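Worksheet: one structure, shown below.
Where a number appears in this text, it was derived from the coordinates with a stated rule and is not lab data. Predicted model only: the values in this text are computed from it and were never measured. Positions of Cβ are backbone-derived with ideal geometry, glycine not excepted, and every protein chain shown enters the neighbour counts.
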């Protein structure tokens, strides 16, 4: 459901003209700055994470997937089973996970 706002006719005409020049509708043009702000926020967050060393640069992360990678066989249970069993063994009386 949309909201109705009261915009002076002159301002609406300007918005309509600008939207037409950009190939957008008036609602799309009004929403565009909000999308731009959100994209900028995401870019800033990624930059901060990268600066803290928690994220590899794209070029470096792509190099990690080597074509000559060959997994090694190890004895014992699969890691996923070890994780599941470890998680299940740390459940509290009410079934919730006990965090340490």
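By counting other Cβ atoms within 10 Å of each Cβ, how are 42, 5, 30, 72 ranked from fewest to most?
Values: 42 10, 5 7, 30 14, 72 4.
In increasing order of surrounding Cβ atoms, one gets 72, 5, 42, 30.
When Rg is the radius of gyration of the Cα atoms in segment 8-60 and Rh is its Kirkwood radius, what does Rg/Rh come to?
Numbers: Rg = 17.8 Å, Rh = 13.6 Å.
Using Cα coordinates only, the ratio equals 1.31.
Using Cβ contacts closer than 10 Å as the measure, can you line up 28, 21 from fewest to most? Numbers along the way, then the final one.
Working: 28 12, 21 9.
Ordered from fewest to most neighbouring Cβ atoms within 10 Å, 28, 21 come out as 21, 28.
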